[in-house]
1. When you check PHE200 against the structure, is it farther than 20 Å from THR295 by Cβ, surrounded by 20 or more Cβ atoms within 10 Å (Cβ to Cβ), aromatic (Phe, Trp, Tyr) and in the same structural domain as THR327 (by TED's automatic domain parsing), yes or no?
2. Within the stretch 130-148, take every residue that is buried (at least 17 other Cβ atoms within 10 Å of the Cβ) and assigned to a strand (DSSP E or B) and give me the one that is modelled with the lowest pLDDT.
3. Is it fair to say GLY278 is out of contact with any Leu (no Cβ under 8 Å at 6 or more places or on another chain) and either surrounded by 13 or more Cβ atoms within 10 Å (Cβ to Cβ) or part of a loop (DSSP other than H, G, I, E, B) (or both)?
4. Just checking, does the stretch 323-333 include any residue being of a type in the set (Lys, Arg) and in a loop (DSSP other than H, G, I, E, B)?
5. How many of the residues in the stretch 252-271 are under 19 Å from SER186 (Cβ atoms) and out of contact with any His (no Cβ under 9 Å at 6 or more places or on another chain)?
6. What do you reckon, is GLY216 free of Cβ contacts under 8 Å to residues at least 24 places away in the same chain, within 20 Å of TYR164 (Cα to Cα) and either in a loop (DSSP other than H, G, I, E, B) or not assigned by TED's automatic domain parsing to the domain that holds CYS311 (or both)?
7. Does the stretch 150-168 contain at least one residue that is surrounded by fewer than 17 Cβ atoms within 10 Å (Cβ to Cβ), over 22 Å from ASN121 (Cα atoms) and either under 16 Å from the mean Cα position of the chain (by Cα) or aliphatic (A, V, I, L, M) (or both)?
8. Within the stretch 251-264, can one find any residue that is assigned to a loop (DSSP other than H, G, I, E, B) and more than 21 Å from the chain's Cα centre (by Cα)?
Amino acid sequence: MDPRIWGKLPRELLEHILSFLALKTFLNLRSTCKHFNSLIFSPSFISKHSASSLPSFLLLSHPQSSQKFSLYDSTLGNWCSSFLWSSQFLPGNSKSSTLLSISNGLFCLSLPGSFAFLVCNFLTKCSRKIDYPSFPFSFVFLTFVSTGLGYQIFVTTHSTAFLYDSRFHLWRRFRLDAHDLILSDSSYQEGVYFNGSLYFTVSDSGPFSILCLNPGNGKLDSQAIDLPENLTFLRLVSDGERKLYMVGGVGTNGISRMMKLWELDGDGEGRKRWIEVGILPELMCRKFMSVCYHTYEHVYCLWHRGMICICCYTWPEILYYKVGRGTWHWLPKCPSLPEKWSCGFRWFSFLPEISAAV
C-alpha cells in the first residue's frame with residue numbers, strides 16, 4: 001500500500017472500485033476522509049446504488065415508541081430488525097421530535113422545541129432544519145412530497161396555507177376558501193402528488209369532490225370529473241407520475257357494503273373519467289369494515305412499490321392491492337408488536353435513496 005503508488009490512482013477508478021462495496025460498509029467508511037465522504041454523491045456511486053437496487057420497507061410508527069420503528073421488507077416479504085434513529089446528527093431537541101411523513105427516502109419531522117420542521121436522509125446522515133413560516137404556528141394538515149427536483153412541504157392552518165419549496169428554501173403564503181382548508185375527512189391522509197400537482201379529496205358534509213393544487217401558482221381548482229355514486233368515504237393514491245387511483249367505500253346511510261378501486265383514465269380528447277379496476281372480496285371487506293368500525297376518518301392510503309396500501313389508525317395490519325397482479329392481500333401483524341397497543345398505528349413507505357438531497 002505504498003502511497004506513492006496508490007496516491008496516483010485516478011479518481012474515476014477509485015470511485016468505481018468503492019462502488020462495489022456493500023452499501024452499509026461504504027457508509028461506515030465515509031468517516032475515513034472528506035474524499036470518501038463526498039463519493040456518496042458522485043454519479044457513478046449513485047447509479048450503482050440507485051433506488052431500484054436498494055431494499056424497500058413499510059415502516060410502522062407508534063406514539064409509545066417515538067424513535068423506534070418496525071420495518072417490513074417488502075422485497076423479501078418478512079419483518080426485519082427495528083429501525084432506531086440516532087440523534088447525533090439531529091439538531092434541536094430530537095427526543096421530542098415526531099415523524100410526520102416520508103417521501104422517497106426523506107423523513108419530515110417536527111421539532112417542537114425548535115419551532116421547526118426537520119428534513120433528513122438517514123442513509124446519508126444529512127439534515128436540514130426548516131423554521132416554521134410564522135410564530136406562533138400550528139398546522140392542521142400536512143403533505144410532504146420529494147421528487148427528483150427537490151421536496152415540498154404543504155401545510156394548512158385554520159385560516160391560511162403555506163408551501164415550502166426546497167429549490168428556493170422559502171415559504172410561500174396564500175389564502176384558501178374556508179371550505180378548502182378541510183382538504184380531507186381523515187387527518188392521517190396526505191395529499192397525493194400526480195403530474196406535478198397535489199390532489200386532495202373534500203367532503204365538507206356534502207358530496208365528495210377532488211381538488212388540485214398547482215404549486216407553481218398556488219391555485220386550487222376543483223376537478224370536473226364525475227365520481228361514482230353512493231360513496232361513503234374516498235381516498236386518493238398515486239405512483240407519482242403515471243397513475244392516479246381512487247379507493248372508496250360504496251353503500252348507503254354512511255355504511256360501506258363494499259370497497260372498490262378506480263383508476264383515472266383520459267382519452268385523446270382530454271376528457272377524464274374513473275374506471276373501476278378492482279373490488280375487494282366480500283370476506284376481506286367484512287374484516288376491514290369491522291376493523292375500522294365504519295369510522296372512516298381513521299382510514300388512509302399510500303403507495304408502495306406497486307402496492308396500494310389501505311391502512312387504519314386503529315389497526316396494526318395493512319390491506320393492500322398488488323396493481324400488477326390485481327390481487328388483494330393482508331400484511332401480517334408485526335410479531336414484536338406489544339398486544340396492549342390498540343391505536344396510533346401510522347404506516348409509511350420507506351424507500352432508501354442516496355440521491356435524495358436535503
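The values are calculated or read from the model by the stated rules, or taken from the named source; none is laboratory data. Small disclaimer: the values here were computed from a predicted structure and weren't measured. All Cβ positions, glycine included, derive from the backbone under ideal geometry; neighbour counts span all protein chains shown.
1. Details: farther than 20 Å from THR295 by Cβ: yes; surrounded by 20 or more Cβ atoms within 10 Å (Cβ to Cβ): yes; aromatic (Phe, Trp, Tyr): yes; in the same structural domain as THR327 (by TED's automatic domain parsing): yes.
Yes: the conditions hold for PHE200.
2. Start the filter on the stretch 130-148 by keeping residues that are buried (at least 17 other Cβ atoms within 10 Å of the Cβ), which leaves 130, 132-133, 139, 141-146.
Those left that are additionally assigned to a strand (DSSP E or B): 130, 141-146.
Values: ILE130: 95, PHE141: 91, LEU142: 95, THR143: 96, PHE144: 97, VAL145: 96, SER146: 95.
The residue in question is PHE141.
3. Values: out of contact with any Leu (no Cβ under 8 Å at 6 or more places or on another chain): no; either surrounded by 13 or more Cβ atoms within 10 Å (Cβ to Cβ) or part of a loop (DSSP other than H, G, I, E, B) (or both): yes.
Taking the combined requirement at face value, the residue does not satisfy it.
4. Keep residues of the stretch 323-333 that are of a type in the set (Lys, Arg), which gives 325, 333.
Next, from what is left, pick out any that are in a loop (DSSP other than H, G, I, E, B): 325, 333.
Yes, that holds for at least one residue.
5. So the answer is 4.
6. On the way: free of Cβ contacts under 8 Å to residues at least 24 places away in the same chain: yes; within 20 Å of TYR164 (Cα to Cα): yes; either in a loop (DSSP other than H, G, I, E, B) or not assigned by TED's automatic domain parsing to the domain that holds CYS311 (or both): yes.
Criteria met by GLY216.
7. No, the stretch 150-168 contains no residue that is surrounded by fewer than 17 Cβ atoms within 10 Å (Cβ to Cβ), over 22 Å from ASN121 (Cα atoms) and either under 16 Å from the mean Cα position of the chain (by Cα) or aliphatic (A, V, I, L, M) (or both).
8. Taking the stretch 251-264 and keeping what is assigned to a loop (DSSP other than H, G, I, E, B), we get 253-254.
Add one more test, that the residue is more than 21 Å from the chain's Cα centre (by Cα), and what stays is 253-254.
Yes, the stretch 251-264 has at least one match.
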